[in-house]
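No lab work stands behind these numbers, since they all come straight from the coordinates. Because the structure is predicted, anything quoted here is derived from the model rather than measured. So basically every Cβ, Gly included, is an ideal-geometry build from the backbone, and we count neighbours across all protein chains shown.
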Ligand code: NAD
């Protein structure tokens with residue numbers, strides 16, 4: 001699988017494009033307009049800096065070679081015409097994903113394998129919209145894929161096991177550690193583990209069982225983990241947990257949202273990105 005097409009060049013799409021090109025793949029980057037694609041060179045400059053900081057052998061030569069392997073287009077037919085594999089990283093809306101896959105399926109050659117990077121939508125909700133459900137599955141990345149390099153490969157009931165294995169191998173070729181998820185699971189492995197931990201931490205704090213400092217300290221000391229759950233909230237940023245908790249029917253979750261808003265969001269403490277959250281980062 002040498003020819004990769006990535007649909008969507010936002011936060012995750014741009015990382016998948018750059019990382020795959022860095023690992024020697026020929027990549028076509030597709031987005032809906034030339035104006036959006038015009039922003040990519042600045043994105044590559046940003047990513048080059050991150051790679052130089054985090055990857056000891058990332059030289060200018062290697063990083064420039066990665067950029068030279070990327071072609072951009074806003075023409076979907078042109079984007080998919082030679083693809084061995086397509087990874088879709090477009091907005092998290094089922095209707096947009098389904099209609100995009102329906103179109104892609106008409107234009108892509110028979111050999112092309114289709115992967116979605118969706119974080120919350122199951123691949124079986126999209127597979128009926130393509131002409132080859134046996135070649136449809138999820139390949140899910142974590143944000144900052146060059147260092148947090150899990151590639152969760154998740155089949156849906158119609159995925160051919162051979163294709164599943166090919167995608168796991170592809171993930172490895174682009175520097176990911178493949179995690180084989182053989183049946184559909186909302187949240188894959190990572191979020192299936194992480195979300196209950198974060199919810200339990202919020203529950204202990206909101207009910208006044210312990211301070212957030214002590215909850216994090218317990219987790220770090222007793223398990224050897226480098227960070228506690230509230231430090232993870234800081235990395236995620238305050239808005240995602242706030243949006244998820246504010247409309248919850250659970251009164252503890254609702255109270256968590258209220259405290260996130262009053263104690264943090266309203267004071268500009270948005271987490272690591274702003275320098276302040278549960279912890280200070282300056
Ligand atoms: P984003 O909003 O940053 O980027 C989406 C991109 O898709 C934009 O460039 C947009 O112009 C483009 N787009 C919009 N409509 C399109 C269409 N019809 N066809 C092609 N491109 C279109 O979003 P993101 O954070 O990169 O998330 C993209 C996908 O990746 C989602 O499914 C999300 O669940 C998943 N994901 C995100 C993260 C994360 O941390 N952000 C992590 C893992 C997976």
The range 190-274: relative contact order in percent, alpha carbon pairs under 8 Å with at least 6 residues between | 26 percent
If one compares the long axis through the Cα atoms of helix 11-22 with the longest principal axis of the Cα atoms of the chain, the angle in degrees, nearest 10, works out at 50 degrees
Determine the gain in length on full extension of the stretch residue 263-residue 213; use 0.36 nm per residue of separation and subtract their C-alpha separation, reporting nm with one decimal.
-> 16.5 nm
What does the helix-only formula give at 222 nm for the chain: each DSSP H stretch with n ≥ 4 adding -39500 (n - 2.57), the total divided by the residues, and the result rounded to the nearest 500 deg cm²/dmol?
-> -13500 deg cm²/dmol
re the range 1-60: pairs of Cα atoms spaced beyond 12 Å account for a percent value of 67 percent
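How would you rank 238, 1, 154, going from fewest to most other Cβ atoms within 10 Å of each one's own Cβ?
Numbers: 238 21, 1 17, 154 25.
Ranking 238, 1, 154 by Cβ neighbours within 10 Å, fewest first, gives 1, 238, 154.
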Based on the Cβ-Cβ distance of residue 2 and residue 243, what FRET efficiency does E = 1/(1 + (r/R0)^6) give at R0 = 41 Å, to the nearest 0.05?
-> 0.55
Using just the C-alpha positions of the chain as equal point scatterers, what log10 of I(q)/I(0) does the Debye formula give at each q in 0.08 1/Å?
-> -0.38
Cα gyration tensor category, rounded, prolate or oblate, for the range 1-101 with a/c compared to 1.5 = prolate
Relative contact order for the range 74-198 using alpha-carbon pairs under 8 Å, separation at least 6, rounded to a whole percent?
-> 20 percent
Residues in the range 197-227 near a label at residue 252, defined as backbone nitrogen under 16 Å from the 7 Å Cα→Cβ point?
-> 197-212, 215-216
Quick one: what Rg and Dmax do you get for the range 144-186 from the alpha carbons, in Å?
-> 10.6, 32
The simple spin-label model distance between residue 221 and residue 147, using points 7 Å out along Cα→Cβ, in nm, is 2.7 nm
Take the Cα atoms of the range 190-274, find their three principal axes, and give me the spread along each one in whole Å, biggest first.
-> 33, 28, 26
Using a simple spin-label model with points 7 Å from Cα along the Cα→Cβ vector, what separation in nm is obtained for residue 34 and residue 49?
-> 2.9 nm
Full extension from residue 162 to residue 64: what is 0.36 nm times the residue separation minus their Cα-Cα distance, to one decimal in nm?
-> 31.9 nm
So how do 177, 252 line up by other beta-carbon neighbours within 10 Å, fewest first?
-> 177, 252
Exposure proxy order (Cβ contacts within 10 Å, fewest to most) of 230, 129 | 129, 230
So, in nm, how far is label residue 193 from label residue 272 when the simple model puts each one 7 Å beyond its Cα toward the Cβ?
-> 1.7 nm
In degrees, nearest ten, helix 40-54 long axis to first principal axis of the chain (Cα) | 60 degrees
